[in-house]
Amino acid sequence: RQMCIRDSSWRFDEANKKLLVNVSSTFELDPSTVGTSTVAASTNNNPQRKCFYANGRFWAFYSDGTNVGFRSSTDGINWSGFTSVGSGNAGRRIAVHFDGTYVHYCREATDLFYRRGTPNSDGTITWSATEQTAVDVGTGQACENPSIVVDSDGYAFIAYRWNDGTNYYPYVTKNANNNGTWSTASGYPIQLSTTSDSTWQQLIIALTANKVYAIYCRNLLQALGKLYTGSWGNEETVSSSAVQAIGINAVNEGDHVHFVFLKSTTNDIIYIKRTYGSGWGSEVTVQSSATGTSNPCLSITQTNVLYCFWAGSPTANHIYYKKCAGGTWDANPTDWIDESTDGITNYGRLSCYYKEHGGKIGLIYSTKTASPYNVRHDY
């Protein structure tokens, strides 16, 4: 394994044949293989979250081709066995949210399911209750591509696309309980749009004081959003540009919203900030002329530095990032990961940590062009 040391103090201990590195320095390791999957879509969809750091461990959720579940690692190199949480033949069947104490997941298997648990330092998860049904749909209907978040009092919100095979709409539902069991809150689920479109994608993020913000969009049109402050506000136009619906991601900074997306036709990676009380600002180009599948994902540090990750451009089978500190994005991308040997399965299937925990930010993705595909992680 290679180690890249940045801005560090180090020396080589000749007597003991050891490289001594200042432990306060930033360093990067090569990516590791979490596990394998029989499906190429083991880590999709881009608006969802599937990985985080908690209690001294890295945690990665994905589909092995039959089930969705997780592995964990104390060092980011050696990973535990696969623990299934339920059926799921693609990564998009599960989304997770780590709130600093509990991991919450929503799983789609026609109906929509919810569970909460404590990720433990031994690699197990102590579940608060059995898996709960969050949305029970009728025959011929399904909930798809869910996104989950938990407000400041521990109540879960799930955004998803509902379809009956003919009509497709973005929805949000809310949990009336905050103890790991599910009871649908009064008035939910709610429909975010009355326009049917099979390309709807949606995500939801928590702000402060029980507020949340939902973003939803369909291909080749502007992204839309709604703010919840105890009741849902009016629909807002988020972007001035048309978006590729699957290529959206967002984080919060207090009550402000940071949003990135892949722009239709030009494949530019675009960033916009919503300032609470003022609304959406102007679009900023993070990276121009990426590929048509270079869907960006976004993380934020404890000091509110943004990291935007994407793959495939400027160089095929490489993963890049840019940082934004104080409102200014890096001029040039950091060429972080080289996967040219096996190839990245699909540039649009990165999933990064929502937020830094334990000084760590990372992501998962898949490599190889035929089964078994490798699920990979780096931080």
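Give me a count of the residues in the range 87-140 that are under 27 Å from E356 (Cα atoms) and either of a type in the set (S, T, Y) or at pLDDT below 95 (or both). Residues flagged as under 27 Å from E356 (Cα atoms) and either of a type in the set (S, T, Y) or at pLDDT below 95 (or both) within the range 87-140 amount to 9. The selection criterion, being open to solvent by less than 60 Å² (accessible area, probe 1.4 Å), under 18 Å from T293 (Cβ atoms) and either touching an Asp or Glu at 6+ places or on another chain (Cβ under 8 Å) or of a type in the set (D, E, K, R) (or both), holds for L363.
Within the range 296-307, one or more residues are over 22 Å from S239 (Cβ atoms), of a type in the set (V, I, T) and under 15 Å from the mean Cα position of the chain (by Cα). For the range 274-295, a residue qualifies if it is open to solvent by less than 20 Å² (accessible area, probe 1.4 Å), free of Cβ contacts under 8 Å to residues at least 60 places away in the same chain and either under 18 Å from D378 (Cβ atoms) or under 17 Å from the mean Cα position of the chain (by Cα) (or both), and exactly one does: S294.
Applying the selection to the range 220-251, what residues are more than 26 Å from S289 (Cα to Cα) and not β-branched (V, I, T)? Selection gives K226, L227, Y228, G230, S231, W232, G233, N234, E235, E236. A Cβ distance below 8 Å, combined with a sequence gap of six or more or placement on separate chains, defines the contacts here; from the range 342-368, residues that are over 23 Å from A316 (Cα atoms) and touching a residue at least 60 places away in the same chain (Cβ under 8 Å) reach residues that are open to solvent by 30 Å² or more (accessible area, probe 1.4 Å) and small (G, A, S) in the pairs H357/G100; G358/G56.
Which condition does Y213 not pass, out of (1) of a type in the set (S, T, Y); (2) outside any strand (DSSP E or B); (3) touching a residue at least 60 places away in the same chain (Cβ under 8 Å), if it passes all the others? Looking at each condition in turn, Y213 falls short on (2).
Is it the case that some residue within the range 190-201 is more than 28 Å from Y347 (Cα to Cα), in contact with a strand residue (DSSP E or B) (Cβ under 6 Å, 6 or more places away or on another chain) and open to solvent by 20 Å² or more (accessible area, probe 1.4 Å)? Yes, because at least one residue in the range 190-201 is more than 28 Å from Y347 (Cα to Cα), in contact with a strand residue (DSSP E or B) (Cβ under 6 Å, 6 or more places away or on another chain) and open to solvent by 20 Å² or more (accessible area, probe 1.4 Å).
Of the set (1) within 13 Å of the chain's Cα centre (by Cα); (2) farther than 17 Å from D122 by Cα, all apply to N67 but (1). Just checking, does the range 299-311 include any residue being touching a residue at least 60 places away in the same chain (Cβ under 8 Å) and within 20 Å of T43 (Cβ to Cβ)? Within the range 299-311, one or more residues are touching a residue at least 60 places away in the same chain (Cβ under 8 Å) and within 20 Å of T43 (Cβ to Cβ). Checked against the criterion of being part of a strand (DSSP E or B), surrounded by 17 or more Cβ atoms within 10 Å (Cβ to Cβ), touching a helix residue (DSSP H, G or I) at 6+ places or on another chain (Cβ under 6 Å) and touching a residue at least 40 places away in the same chain (Cβ under 8 Å), the range 145-164 contains one or more residues that satisfy it. Among the residues of the range 52-86, those that are more than 24 Å from I300 (Cβ to Cβ), in a strand (DSSP E or B) and of a type outside the set (A, V, I, L, M) comprise S63, N67, G69, R71, T83, S84, G86. Give the range 318-332 a look and list any residue that's open to solvent by less than 40 Å² (accessible area, probe 1.4 Å) and more than 15 Å from I361 (Cα to Cα), or say none. Hits for the range 318-332 are H318, W329.
The values are calculated or read from the model by the stated rules, or taken from the named source; none is laboratory data. This is a predicted model, so every value here is computed, not measured. All Cβ positions, even for glycine, are placed from backbone atoms using ideal geometry, and neighbour counts span all protein chains on display. In case anyone asks, the SASA skips ligands and DNA or RNA and just uses the protein heavy atoms, side chains included. Shrake-Rupley method; radii C 1.70, N 1.55, O 1.52, S 1.80 Å.
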